[in-house]
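To keep things clear, I will list the structure first and then write my remarks on it.
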C-alpha cells in the first residue's frame, strides 16, 4: 500500500510520449490535480488509481496528501456551484499567467492580448472585451482546473465506488481528510515515533531468554537511535517507518531490539527493528541505518 501511494506521487516508469516517467498527478504541493493526458484517460488509468486509493484506505494504509481542495471537493461529491478554485490549482504556469492577465486592470494589448485570444479560441470561449473580462477570467480558471480534469475525476470516482467507500466519502468530511490529507497533516514527527516505541530492557530480567548484551551497549545504541529520530526530517522518518513496519503509518506499538547482528534489520510483520550492538560512534551507526532504510522499496527489511 505504501508503494502504491509512492507511485501515485512520483509517477510510473511508463512512457506515454511525455518522457520516461508518467506523472499521474501534477502541480504544486496541496494543489495537485490529475494529469491532463488523453492517453491516460483512454487507457482508464485513473479508474485504476481510484481503486488503488480505495483499497489503501480500506486496509488502513497511508492517505494521498497534497490533492487540490477544488479537485477533492468535486471528487467527493461536492457541487460545482460551491467549489473554490485558485491560481495555485492550475499546474500549467503558462496558462496560469495568461489567465492572470484578465484579472489585472491594465488594457490587454499586443502579445498579452494575443496569448489570451489564443487560449480563448482553444477552449471555445469568446475573446476578451471590457464587459466580459471578469466573467471570462472566472470561466477560464474554472476550465483550466476542473474542465480539463473532468474525465479524470469521473474515472477516479468510479474506481472509489467500486471499492465500496463512496458512501463514507460523500457524507463524511472527516473520512475525506483521512484519505486526502494536506501535506502538513501527513508529516511524521519524531514524537509520533518515539512515543510508540517499546524500548529494549536494560536488565537481564526480561522476556528474552538469550538476553546477554551489556547494559552499556544497549544504552549506547538506543541513545544513537533517539538522536537519529530527533534529527530526521519527515521524509526520512517515513522511510524509517517503511523499513520498520512496511508503510509510513505509525502503529501503536513499535518494537526495538538490540542484538549481535551486523546491520540493522526489520521484521515488518512483527513490527520489530533490530539494531546491532557493536556501534561505538554515532557516525558509523547513522551511516549503516541510512543505508538500511534506503533499501525499504527493494530489500523488504534487509540490507
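The values are calculated or read from the model by the stated rules, or taken from the named source; none is laboratory data. What you see is a predicted model, and the numbers here were worked out from it, not measured in a lab. All Cβ positions, even for glycine, are placed from backbone atoms using ideal geometry, and neighbour counts span all protein chains on display.
Residues checked against (1) over 26 Å from the mean Cα position of the chain (by Cα); (2) farther than 17 Å from residue 198 by Cα:
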position	(1), (2)
259	yes, no
262	yes, yes
270	no, no
273	no, no
280	yes, yes
294	no, yes
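Name the residues in the range 80-97 that are assigned to a loop (DSSP other than H, G, I, E, B) and under 14 Å from residue 35 (Cα atoms), would you?
Within the range 80-97, 90, 91, 92 qualify.
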If we keep only residues of the range 278-295 that are in a loop (DSSP other than H, G, I, E, B) and modelled with pLDDT of 90 or more, then the residue nearest to residue 214 (Cα to Cα) is 278
Of (1) under 26 Å from residue 141 (Cβ atoms); (2) surrounded by fewer than 18 Cβ atoms within 10 Å (Cβ to Cβ), residue 7 fails just (1)
- Query: Is it the case that residue 79 is under 30 Å from residue 174 (Cα atoms), surrounded by 18 or more Cβ atoms within 10 Å (Cβ to Cβ) and in contact with a helix residue (DSSP H, G or I) (Cβ under 9 Å, 6 or more places away or on another chain)?
  - Reply: no
Flagged in the range 145-184 as assigned to a helix (DSSP H, G or I), closer than 24 Å to residue 124 by Cα and in contact (Cβ under 8 Å) with a residue 60 or more places away in the chain, in numbering order, are 145, 146, 151, 152, 153
If we ask which residues in the range 90-124 are over 35 Å from the mean Cα position of the chain (by Cα) and surrounded by 14 or more Cβ atoms within 10 Å (Cβ to Cβ), their number turns out to be 4
Of the residues in the range 33-47, those that are assigned to a helix (DSSP H, G or I) and farther than 13 Å from residue 157 by Cβ come to 38, 39, 40, 41, 42, 45
Is it the case that the range 225-233 has a residue that's within 19 Å of residue 293 (Cβ to Cβ), surrounded by 13 or more Cβ atoms within 10 Å (Cβ to Cβ) and modelled with pLDDT under 90? no
Within the range 185-210, residues modelled with pLDDT of 90 or more and either assigned to a helix (DSSP H, G or I) or under 21 Å from residue 49 (Cβ atoms) (or both) come out as 190, 191, 193, 194
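Answer yes if at least one residue in the range 11-26 is in a helix (DSSP H, G or I), buried (at least 19 other Cβ atoms within 10 Å of the Cβ) and either in contact with a strand residue (DSSP E or B) (Cβ under 6 Å, 6 or more places away or on another chain) or in contact (Cβ under 8 Å) with a residue 60 or more places away in the chain (or both), and no otherwise. Break it down into steps so the answer makes sense when it comes.
We begin by selecting, within the range 11-26, every residue in a helix (DSSP H, G or I); these are none.
No - not one qualifying residue is present in the range 11-26.
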Of the candidates 133, 172, 198, the one satisfying the condition of being more than 22 Å from residue 28 (Cα to Cα) and in the same structural domain as residue 252 (by TED's automatic domain parsing) is 198
Restricting the range 98-130 to residues that are farther than 20 Å from residue 143 by Cα and in a loop (DSSP other than H, G, I, E, B), the one modelled with the lowest pLDDT turns out to be 105
